[in-house]
Amino acid sequence: MRIGLLGPGQDEAVFREAARYLLDEADADQVVYLGDASFLEAATTHWARELDVTTEDAFLRRALDVAMSGAADDVDDLLGRDALTARIAQIRKLPPPPARAIELIDDRVVVFVYDKAVLDEEDIANAALVVYGRSSEAGVRRFGKRLFLTPGPLEGRRVALVEGEAEGAFVSLVDLSGKALVREALMAGSTKLTVTG
């Protein structure tokens, strides 16, 4: 599994560039936006409208036009737009604060949150990785066996990846040209499970 992470921002052009990198180049299985849900909804809606295949009717109208008078490149373009529209719809948002999202990568608990200040001791004790959005810059920090990861603001032109591979789980910070800036392994057995009644 490969999860791409987008930091908070307000620049739709940078958002698109970063999302395309994660979806196309990094081949992320899912992408999580770590900022304001209203920006994500507006940015993805605008992007999908520009692709002009947001509804089945719009796609079928364009497909008919391409079939009647288009070239092979036009067919490829239409299918590419349709595939990209579907992938844009898969970009996930965080639940509203103070809620957090949780994912398992292998046997490691990953907690996703906008502001890590809302986490309590149990959240951190159970997590091998804490991913957060609110930060002035990208960073990976290890505290004992736990990692704290943020891609930083979108305008910093960095994204992050959380990857589960045969040889273990890793986190990476990457710039939008694809250059890996940091790669760290998540330690196995780094969590203790706390159950509350």
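The values are calculated or read from the model by the stated rules, or taken from the named source; none is laboratory data. Just so it is clear, the model here is predicted, and its values are computed rather than measured. All Cβ positions, even for glycine, are placed from backbone atoms using ideal geometry, and neighbour counts span all protein chains on display. These accessible areas exclude ligands, DNA and RNA; they are computed on the full protein's heavy atoms, side chains included. Shrake-Rupley method; radii C 1.70, N 1.55, O 1.52, S 1.80 Å.
Per residue, the stretch 78-167 exposes 49 Å² of solvent-accessible protein surface, assessed with a 1.4 angstrom probe and all protein chains in place.
Computed over the alpha-carbon pairs of the stretch 70-197, the distance histogram in 10 Å steps reads 11, 35, 31, 14, 7, 2, 0 percent, short to long.
In order along the stretch 179-188, phi translates into HN-Hα couplings of 6, 6, 9, 8, 9, 10, 8, 7, 6, 6 Hz, rounded to whole numbers, per the Karplus curve 6.51 cos²θ - 1.76 cosθ + 1.60 with θ = phi - 60° and x for Gly and Pro.
When peptides 120-133, 90-103 are sorted by average Cβ neighbour count within 10 Å, with the highest value leading, the order is 120-133, 90-103. With the charge dipole of the chain set up from +1 on Lys and Arg Cβ and -1 on Asp and Glu Cβ about the Cα centre, the Cα lying farthest toward the positive end among the listed residues Ala128, Ala138, Gly80 is that of Ala128. Among the protein heavy atoms of the chain, carbon and sulfur supply 51% of the accessible surface, probe 1.4 Å, non-protein parts ignored. How much mean residue ellipticity at 222 nm does the chain get from its helices, if each DSSP H run of length 4 or more adds -39500 (n - 2.57) and you divide by all residues, to the nearest 500 deg cm²/dmol? That calculation yields -9500 deg cm²/dmol at 222 nm.
In terms of packing, defined here as the mean over residues of other Cβ atoms within 10 angstrom, the peptides 108-117, 147-156 line up highest first as 147-156, 108-117.
Straight-distance candidates among the aspartates and glutamates for linking to Lys145, with alpha-carbon spacing under 20 Å and chain neighbours fewer than 8 residues away dropped: Glu103, Asp106, Asp107, Asp120, Glu121, Glu122, Asp123, Glu163, Glu165, Glu167, Glu184. For the chain, a crude dipole built from +1 on the beta carbon of Lys and Arg and -1 on the beta carbon of Asp and Glu, taken about the Cα centre, is about 820 debye to the nearest 20. Look at the dipole of the chain built from charges on Cβ: of Val111, Leu94, Ala43, the Cα furthest out on the positive end belongs to Val111. Subtracting the Cα-Cα distance of Met68 and Ala37 from their residue separation scaled by 0.36 nm leaves 7.1 nm.
As a length-normalised measure over Cα pairs under 8 Å and 6 or more apart, the relative contact order of the chain settles at 23 percent.
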